[in-house]
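To keep things clear, I will list the structure first and then write my remarks on it.
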Amino acid sequence: MCGIVGYIGESSASPILLDGLRKLEYRGYDSAGLAVFGDDGIRVVKTRGRIADLENKLQTEGGAAGSVGIGHTRWATHGAPNDVNAHPHTSTNGRVTLVHNGIIENYTAIQSMLEAAGYRFVSETDTEVLAQLFDYYYKGDALDAMCSVMRTVRGSYAVAVLTSDCPDRILAAKKDSPLIVGRGRGENFLASDIPAILKYTRECYLLEDGEIAVLTKGEPKFFNAAGQRVYKDIYHVTWDAESAEKGGYAHFMKKEIAEQPTAVRDTLSPRIEDGRVSIPELHLTDADIRRIGKIHIVACGSAWHVGTAAKYILEAAAGIPCETDLASEFRYRNPIVRKGDLCIVISQSGETADTLAALREAKARGAHVLSIVNVVASTIARESDDVIYTLAGPEIAVATTKAFSAQLAVVYLLALRFARAMDSAFAHREATLCEQLLHLPAQIESLLSLDDDMAALARQFAAAKQVFFIGRGLDYAIALEGSLKLKEISYLQSEAYAAGELKHGTISLIEEGTPVIAVATQDALFEKTLGNIKEVRARGARVIALVSEDNTEIRALVDYVIPIPQTDAMLKPSLDVIPLQLFAYYMALERGCDVDKPRNLAKSVTVE
């Protein structure tokens, strides 16, 4: 959540910082600011609102000249989004200026100690506490001060620091919040994520938890929390800057919806050979898989919906018991995890705080951890025993689309790999299912042609007060995702229910004209879902039904039909989700919402 950028070199820092912050807008924020070292010391300019508001303020106040600086976009946690609470924050005496992502859990105790020492606070943030604490420990040795700060604070942080007595240095450190260093020639960069600096360098250092970086114009230096020198390998970025640009589309979300055939193809094709699944990065043998007592799937948000589908798919394909947990709940319920269990962790960013905490809990209890991650070398990927990367490329829109579809693709691969190890009935259909898997990208492509139809539906339902989604089995998992997409970008109240639960209370909310989207593509459950459709129709609902394209029975019973190409029932979620993504996109446009940067949301949730 929120973003950090830093620059030190010979160029003007402000344009580079602003450009980097714009590249990090997808992470979510409500205020922005920067601090630049100039002839008169450190100049701080910050404001509530968007980066455009920061640019306007810079122009009004005469800019911020200098070639060393740090910038920040804040997503409010401690204190309201306003100019005072925006980052950067400066110590009372002006010696220390810093930006921070994360949450300092013991900030109240530290603040009390500092107030007793004479420090005065002007904001409501835990970040100002960090700035004052750094100043408290700073006796001329910035590295020593940072080590003392890291020993004192509890919580998560990525932090970048300027000190007024050293205009040729940026100090940075991290714990549980991403931070990278970009290496240039006579210049160096700091950022929360690669897109912010990809325009300037492809050579990066990935900071580990507890590490400190000292940036000058020369070679960056790294230290551990004890102040000892650490030597790090360079990570070479292989994707290009254009992958993180809109490419002529009005929004990143629309571009990423259109990129799903490629994302799914790239994720599947290298892992299917001669009608068999081959996952070389998975180190579990057949014997290891047969010894799995239980599979624990942990994730948040849309990734949890993938996990919900994965439970149905893995149990059906391999016969191994599965539990799917919200990562934010997993470690607090004292989960029963035994040695030999498998924990599947799903995260687009690989930095999701709750998911990372759940991973560590499962690992501490003896589970083998397998992560499904989109971002190479992310924290979750590095801490897992095995990692399978979804080859979706950078995903910028806050509302995930192509990463979701790529995660589902990996689930199918795992299901077939586990089925073979367990010698289940699915194993004997592996060649047929692999053929259908390889056909999925073309079927997804065909569903993108529903663009105009979904736009027309959105025009009809944009004024609705609420929308309901229903489905059974795998259709329920996709109903959950369709509902989340709609609510997160159109701000429309939307709920998804297992269709059989309607009569247990929810049906009381159905009234004349209520839109109900029924996902009914699991043919074995169709008759049951049809009964639920009739129930809501009898109470005046307007029903949009997703059904298999050869289903003619339903057309006279609903208001709108969205035909889904025929494929194996296990693979239907990959097709069902496409029109629901398009519907949510056009609903957001009709309602005048910011599609790529929905209010109050962040792309990478790096605080609990």
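The values are calculated or read from the model by the stated rules, or taken from the named source; none is laboratory data. Every value quoted in this text rests on a predicted model; they were computed, and no experiment measured them. Glycine also receives a Cβ, built like all others from the backbone with ideal geometry; neighbour counts cover every protein chain displayed. Surface accessibility is based on the protein's heavy atoms, side chains included, excluding ligands, DNA and RNA. Shrake-Rupley method; radii C 1.70, N 1.55, O 1.52, S 1.80 Å.
Per residue, how much accessible area does the chain have with a 1.4 Å probe, in Å²?
37
How are the Cα pair distances of segment 41-172 distributed, in percent, across 5 Å bins from 0?
Cα pair-distance distribution for segment 41-172, in percent: 2, 11, 21, 24, 21, 13, 6, 2, 0.
With N set to the residue count of segment 454-608, report its C-alpha Rg divided by 2.2 N^0.38 Å to two decimal places.
For segment 454-608, the normalised Cα radius of gyration is 1.01.
So what is log10(I(q)/I(0)) for segment 377-495 at q = 0.10, 0.11 1/Å, when the Debye sum runs over its Cα atoms only?
-0.46, -0.55
In whole percent, how big is the carbon plus sulfur part of the accessible area of the chain, probe 1.4 Å, protein atoms only?
Roughly 48 percent, rounded to a whole number.
Give me the percent of Cα-Cα pairs in segment 127-250 that sit more than 24 Å apart, rounded to a whole number.
Result for the distance tail: 30 percent.
For segment 305-383, what does the convex hull of the Cα positions come to per residue, in cubic angstrom?
Looking at segment 305-383, the number lands at 88 Å³ per residue.
Treat every Asp and Glu Cβ in the chain as -1 and every Lys and Arg Cβ as +1, leave all other atoms uncharged, and give the resulting dipole magnitude about the Cα centre to the nearest 20 debye.
It works out to roughly 740 debye.
For the chain, the longest stretch holding no chymotrypsin sites (Phe, Trp or Tyr not before Pro) located in a DSSP loop with at most 15 other Cβ atoms within 10 Å is which?
Longest gap between qualifying sites, sites excluded: 250-608.
Averaged across orientations, what area in nm² does the convex hull of the alpha carbons in segment 80-128 project?
3.5
Please work out the ratio of the alpha-carbon Rg of segment 273-328 to 2.2 N^0.38 Å and round it to two decimals.
1.26
If you average 1/r across every pair of different Cα atoms in the chain and take the reciprocal, what Kirkwood value do you get, in Å?
Hydrodynamic radius (Kirkwood, Cα pairs) of the chain is 25.4 Å.
Using the Kirkwood radius over C-alpha pairs as Rh, can you work out the diffusion coefficient of segment 144-197 via Stokes-Einstein at 4 °C, viscosity 1.567 mPa s, in µm² per second?
Stokes-Einstein gives a translational diffusion coefficient of 103 µm²/s.
In degrees between 0 and 90, to the nearest 10, how far off the longest principal axis of the chain does helix 301-318 point, with axes built from Cα atoms?
So the inclination is approximately 50 degrees.
Take the alpha carbon gyration tensor of segment 510-566, find the square roots of its eigenvalues, order them as a ≥ b ≥ c, and report rounded if a/c is under 1.5; if not, report prolate when a/b exceeds b/c, else oblate.
Verdict is prolate for segment 510-566.
Looking at segment 64-150, which GluC sites (Glu not before Pro) are DSSP coil and have at most 16 other C-beta atoms within 10 Å of their C-beta?
Here the GluC sites (Glu not before Pro) that fit, given the DSSP loop and packing criteria, are E105, E124.
If you line up the long axis of helix 142-152 against the longest principal axis of the chain, both from Cα atoms, how many degrees apart are they, to the nearest 10?
On a 0 to 90 degree scale, this one is about 50.
Normalized C-alpha radius of gyration of segment 375-425, against 2.2 N^0.38 Å?
That works out to 1.37 for segment 375-425.
Under a point spin-label approximation (7 Å from Cα along Cα-to-Cβ), what is the E105-K465 distance to one decimal in nm?
It works out to 4.3 nm between the two label points.
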